[in-house]
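Novice: Handing you a structure now.
Here, each number is a calculation from the coordinates, and none is a lab measurement. Owing to the predicted nature of the structure, the values given are computational and were not obtained by experimental measurement. Here Cβ is always computed from backbone atoms with ideal geometry, including for glycine, and neighbour counts include all displayed protein chains.
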Amino acid sequence: MPSLESLPRRLMLSALGGLAMAGSATPASAQGAAHIRGAYTLMAPGGGSVARVLTDAAQCPDIRLDGQTGPMRERAGPRTIAARVNESDGSAIAPAAFPLRVCEAPIARAVRHAEVGGIALPLPATIIRRIVVIGDTGCRLKDSSQSYQACNDAAAWPFAKVALAAAATHPDLVLHVGDYHYRESPCPAGNAGCAGSPSGYGWEAWNADFFVPAAPLLAAAPWAVDRGNHEECARAGAGWWLLLDPHALVAGADCADPAQFFAGNHTAPYAVELGDKARVIIADFAAIGEKPFSAPDKLARYRADGAAITALALPGETNFVSDHYPFGAITMGKHDALRIGYPSIAQAFGADAAAAGNAAPALPMVSAVISGHVHLLQYAAQSGHPPQFVVGMSGTQEDEPPAPADAQGSPAGISPGDLATRYGHFGYAVLDRLDGGAWAFTAYDMDGTVLLKRIIARRGG
């Protein structure tokens, strides 16, 4: 693996100096770059990508695409999301301020160079050969669980180090499997580990939790983004819609109005093309939950998504599915009983509630499912199903019970060699394209030690 010393100077400056990436600005454009607080590329539905720029200037900057200059569109001006009541416990949630202007511009897949304010934006290669996977990255501050991660301690919350190490692998794409924002509650008085940390759902917490530590990876490659349950409308959903969701921002479906959270909690599955008959299908299951559905409209929504995912998995291709909730992870249920996946996921793909307690969808055209949510690293291969990879160990405090030891008490359908769990490590994973449609999955801790290696074969070809 490349050392941190091999990281390009532009990325090192980005990590050390914040999101303006001062080392990449030319003198003629330095003034424009000075107002930019974030500049990154998101893979978008429809096959292209979108440039996203955060600025404190009075208007959006121009973007230069393959030598042609044009204006960026304002996605949202500075705004404050009104105070509201926490749905789960009735507590007050403070207003969430976003003082920056969010700008964007669509980028066709054929474009080879994009620049804003002298900052070169990363663009997807025609054939993507290396994908970095991270998930569950924020620093957990939450009163209801009395969880106060030491955000000021790089060993206790090492996302910045994970991001630097992952950027040093020179990925073509970064896949984040959800849960970016965790600083929900103030740090308690006298707690030195998180003293001074911003909290709540506004820009300051988003910036500290994600944008500052993620800077080298945002500069290294375009991103494909899954939405996690922490980005539901009732939590950090408004920031998700403003800053990271690649879809158009639509009033009434942007998590700003609690009366319309159902609309804001969903987008349809879409495919990110990797080139040469490979794709990642992105599913927004952030609000699906773990339990069987009780609301018919919610069941209908996710049944439609399940059908869409199946339709997007094309014959003869390497099809990955990525969402936040694992389809087939092996976790502890009630009374320490082992379970495969979640009833909600099984129902989304056609199982009824009674049969969904220990089932994962077969998805014969899918090569692998890549998820987060459980704060560990896991590989689980159930006979007749795509293997499940869980990469939920990129920074967030581990608070889930450890998964069962390999080869001990595995559920039906999981043989001893088909379950590997690594608990107690922070890190990331890399997917490397091999010949013949196969991919290599390698997980590393933040110091470069290999934690897990598997080969993913193409299914349904």
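Novice: For the stretch 122-456, give the magnitude of the charge dipole about the Cα centre (Cβ charges: +1 Lys/Arg, -1 Asp/Glu; no others), in debye to the nearest 20.
Specialist: So the dipole magnitude of the stretch 122-456 works out to roughly 400 debye.
Novice: Once you wrap a convex hull around the alpha carbon atoms of the stretch 253-308, what is its projected area averaged over all directions, in nm²?
Specialist: Dividing the Cα hull surface by four gives the mean projection, 4.9 nm².
Novice: Determine, from the Cβ-Cβ distance of residue 189 and residue 450 and an R0 of 30 Å, the FRET efficiency 1/(1 + (r/R0)^6), rounded to the nearest 0.05.
Specialist: So the FRET efficiency works out to roughly 0.10.
Novice: If each residue's Cβ is checked for other Cβ atoms within 10 Å, how do 140, 37 rank with the fewest at the top?
Specialist: Ordered by Cβ neighbours within 10 Å, fewest first: 37, 140.
Novice: Let me ask another. In a Debye calculation with equal point scatterers on the alpha-carbon sites of the stretch 122-456 and no solvent, what is log10 I(q)/I(0) at q = 0.09 Å⁻¹?
Specialist: Those come out to -0.43, one per q.
Novice: Let me ask something else about it. For 49, 145, 394, what ranking results if the residue with the fewest other Cβ atoms within 10 Å of its Cβ goes first?
Specialist: With the sparsest Cβ surroundings first, the list reads 145, 49, 394.
Novice: When the helices in the chain are scored as -39500 (n - 2.57) per DSSP H run of 4 or longer and the sum is shared across all residues, what 222 nm value do you end up with, to the nearest 500 deg cm²/dmol?
Specialist: Estimated from H runs of four or more residues: -4000 deg cm²/dmol.
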